[in-house]
Amino acid sequence: MNLGVGYRLVAGPDFDLDYRRIDVAASRDPSGPEAGLRRQVVRAMLDLAAGKSDGHHALSYAPEKGDLRDCVTAYLRVDPGRPADHRLVFREIGPPAPGELARRELLAIKPRRGRNNIYAHVCARLNRHPNDRQPGLDRFDSWYELSGGLATRQAELDVKRAIAHAWDGQQPLRSSRPILVGAPPRPLSSTAGLARDRQPPRNSRPGPTGWPGRDW
């Protein structure tokens, strides 16, 4: 865990839509479970931005699930007395320039169980076929076996974050933009609670791994 480090959150329209669905349901029933989920999503994003959380565990490659070795999942627990019921998946990405904040690209929020598989959505959003290994992601394979326990999960998160920050090929999707968590919503134009930082993009280019990337 990297208390006090700080990261810039970026996200694309698909993640915005995930949040919008939760926000609309929460607004209809402020005392219902979706309102609790919305609070947990915002808290998770604030913690990720502040460096108070690095997520729950790093992801891997599996046929039908896809190659998500550069991704991390965070658990969302609406009821403290019950198991986590939603996942938030994100990627660690290095800073756009020396002296700037590293980035965390928010990719999806979906239920943890059921037919709506979050990993299928993440693969689609990253333009990855669920059966294919992605060129370049071998660098995220651990050189030693990690299994079980908070300490080993955190060690793997730390290793993979360092690899992502050092690799120029790890770039956000072309559609992703910086977001400010908790900012006042723009009426009819922005997801409630997520305001876009309208910093103009520059030097758009494809990443060397084959999926879209941006240099900013």
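Residues are listed down the side, and each one gets a yes or a no for (1) at negative phi; (2) touching a strand residue (DSSP E or B) at 6+ places or on another chain (Cβ under 8 Å); (3) modelled with pLDDT of 95 or more; (4) open to solvent by less than 10 Å² (accessible area, probe 1.4 Å):
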{"position": "Asn2", "(1), (2), (3), (4)": "yes, no, no, no"}
{"position": "Asp16", "(1), (2), (3), (4)": "yes, yes, yes, no"}
{"position": "Arg39", "(1), (2), (3), (4)": "yes, no, no, no"}
{"position": "Met45", "(1), (2), (3), (4)": "yes, yes, yes, yes"}
{"position": "Cys71", "(1), (2), (3), (4)": "yes, yes, yes, yes"}
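Residues being open to solvent by 50 Å² or more (accessible area, probe 1.4 Å) and under 29 Å from Gly36 (Cα atoms): count how many of those fall in the stretch 53-69. The qualifying residues number 2.
Might you let me know whether the stretch 55-68 holds any residue that is farther than 29 Å from Arg174 by Cβ and not β-branched (Val, Ile, Thr)? Steps first, answer last, please.
Applying the first criterion (farther than 29 Å from Arg174 by Cβ) to the stretch 55-68 yields none.
Scanning the stretch 55-68 turns up no residue that is farther than 29 Å from Arg174 by Cβ and not β-branched (Val, Ile, Thr).
Restricting attention to the stretch 33-57, the residues being more than 14 Å from the chain's Cα centre (by Cα) and not in a helix (DSSP H, G or I) number 1. All conditions in (1) in contact (Cβ under 8 Å) with a residue 60 or more places away in the chain; (2) part of a helix (DSSP H, G or I); (3) surrounded by fewer than 15 Cβ atoms within 10 Å (Cβ to Cβ) hold for Val24, with the sole exception of (1). When residues in the stretch 74-94 are screened for being under 15 Å from Lys160 (Cα atoms) and touching a residue at least 40 places away in the same chain (Cβ under 8 Å), 5 of them pass. Could you please give the count of residues in the stretch 79-91 that are part of a loop (DSSP other than H, G, I, E, B) and closer than 14 Å to Arg113 by Cα? Residues flagged as part of a loop (DSSP other than H, G, I, E, B) and closer than 14 Å to Arg113 by Cα within the stretch 79-91 amount to 4. I want to confirm something. Restricting to the stretch 92-111 and keeping residues that are in a loop (DSSP other than H, G, I, E, B) and touching a helix residue (DSSP H, G or I) at 6+ places or on another chain (Cβ under 8 Å), which single residue is surrounded by the fewest Cβ atoms within 10 Å (Cβ to Cβ)? The residue in question is Pro95. Residues that are closer than 21 Å to Pro130 by Cα and open to solvent by less than 10 Å² (accessible area, probe 1.4 Å) within the stretch 75-91 comprise Leu88, Val89, Phe90, Arg91, listed in sequence order.
The values are calculated or read from the model by the stated rules, or taken from the named source; none is laboratory data. The shown structure was predicted, so the numbers you read here are calculated from the model rather than taken from an experiment. No Cβ is skipped: glycine too gets one built from the backbone with ideal geometry, and neighbour counts run over all protein chains shown. What goes into the accessible areas is simple: the full protein's heavy atoms, side chains included, and nothing from ligands, DNA or RNA. Shrake-Rupley method; radii C 1.70, N 1.55, O 1.52, S 1.80 Å.
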